[in-house]
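To keep things clear, I will list the structure first and then write my remarks on it.
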Amino acid sequence: MTIIRSFRSLASVLLVSGTLASVFLASGCSIVPEPKADPTRYYVLTMPSNASQAGAGEINKGKPFLALRSVEVPAYLRARRNIAVRHGTSEIVYHEFSRWAETLDAGITRIVSERLIATNSVSGVELRPGRVKRDYDVSIRIIECEGAVSAAGASPVARFTAEYEITAPGGNTVTGIRKFTAPAADWDGKDSSSLAALLGQAASALADDIARNLPATPRPGAE
C-alpha cells in the first residue's frame, strides 16, 4: 500500500509540475515586445524667415510672366530621399534616419517659384506649363545640394551649386547658361534640420540670382 501511495503522490507532483510548465511557456510565448518609436525624421526646404512675402499682385503689373519648366537634380540625389552628405571628394553618405519629405526637385521648384514671386520681379510663375502664355522659360540644373565634410579636417559646410538658363518660349536664349554657387555655409556636420534650412536659403538665393538676370519688362508679343 505504501508503495502504491508513493507512486500516486509522485504522479500527482509530476502532473502538476507539467501543467505549470505548460502555462508558463504559453504565457512566455504570448508576450509581445513593445514597438520601438520610428527614429526617422522628415525635412523640407524653407525660405529664410526674413524673406519678403509680398507675392504677385497689383504691384507686379508690367512684370514678366515666367514658366519654370524643369529642375533637374543629379541621379545620386534623385534616387533616394535620404539627406546626402559628401565625405571628401567622391564619397556620398546617406543619413539613414534623415529624409526629405518631398523629392528634392519638387522642393527646389517650390522654393524658387515662391521666392521669385516674393521678389516682386515677376507677375507670376507657372510650373511645367503646357501652352500657358508666358514671357520667358527658366530651366535649372542642380549640380550639388548637400552637406560636405572635408577629408582635410575643415569644418563641415552646406553646398549648393546650380546652372540655369532663361529663354524665350521659342527657345532663343536670353542669358545663356549661368552658373550659381551659394557661399559655403558652416554646418555642425550632424544636425539635419539646420542643413535643410541652409539648403533652403541657398535655393532662395538661386531665385534671387535668376530675378537679377531677368529682363525687367514683358517680352513684346509674348507667346
When restricted to 151, 182, the only residue within 24 Å of the chain's Cα centre (by Cα) and either modelled with pLDDT under 95 or among the aliphatic types (A, V, I, L, M) (or both) is 182
Inside the stretch 35-49, the number of residues satisfying the requirement of being touching a strand residue (DSSP E or B) at 6+ places or on another chain (Cβ under 7 Å) and among the basic types (Lys, Arg) is 1
Reported set for the stretch 99-120 where residues are out of contact with any strand residue (DSSP E or B) (no Cβ under 7 Å at 6 or more places or on another chain) and within 14 Å of residue 72 (Cβ to Cβ) is 103, 106
Filtering the stretch 157-176 for residues that are surrounded by 21 or more Cβ atoms within 10 Å (Cβ to Cβ) and either out of contact with any strand residue (DSSP E or B) (no Cβ under 6 Å at 6 or more places or on another chain) or not in a strand (DSSP E or B) (or both) leaves a count of 0
So, first residue buried (at least 21 other Cβ atoms within 10 Å of the Cβ) and at pLDDT 95 or above in the stretch 190-204, second residue of a type in the set (D, E, K, R) and not in a helix (DSSP H, G or I), Cβ within less than 8 Å, six or more apart or across chains; the pairs are 199/146
(1) surrounded by 10 or more Cβ atoms within 10 Å (Cβ to Cβ); (2) modelled with pLDDT of 50 or more all hold for residue 35 apart from (1)
Within the stretch 185-216, residues under 19 Å from the mean Cα position of the chain (by Cα) and assigned to a loop (DSSP other than H, G, I, E, B) come out as 187, 188, 189, 190, 191
Among 139, 121, the single one that is more than 11 Å from the chain's Cα centre (by Cα), polar (S, T, N, Q) and part of a loop (DSSP other than H, G, I, E, B) is 121
Using the structure shown, decide if residue 179 is surrounded by fewer than 20 Cβ atoms within 10 Å (Cβ to Cβ), farther than 18 Å from residue 86 by Cβ and not acidic (Asp, Glu). yes
Of those in the stretch 125-143 that are crowded, with 18+ Cβ neighbours inside 10 Å and in contact with a helix residue (DSSP H, G or I) (Cβ under 9 Å, 6 or more places away or on another chain), the residue nearest to residue 191 (Cα to Cα) is 142
Being over 30 Å from residue 64 (Cβ atoms), of a type outside the set (Val, Ile, Thr), crowded, with 18+ Cβ neighbours inside 10 Å and out of contact with any His (no Cβ under 8 Å at 6 or more places or on another chain) narrows 107, 88, 147, 153 down to just 147
Scanning the stretch 38-83 for residues that are assigned to a strand (DSSP E or B) and either at pLDDT below 90 or not hydroxyl-bearing (Ser, Thr, Tyr) (or both) gives 41, 65, 66, 67, 68, 69, 71, 72, 82, 83
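The values are calculated or read from the model by the stated rules, or taken from the named source; none is laboratory data. No experiment lies behind these values; they were computed from the predicted model shown. A quick note on method: Cβ atoms are made from the backbone with ideal geometry, for glycine too, and the neighbour counts reach across all protein chains shown.
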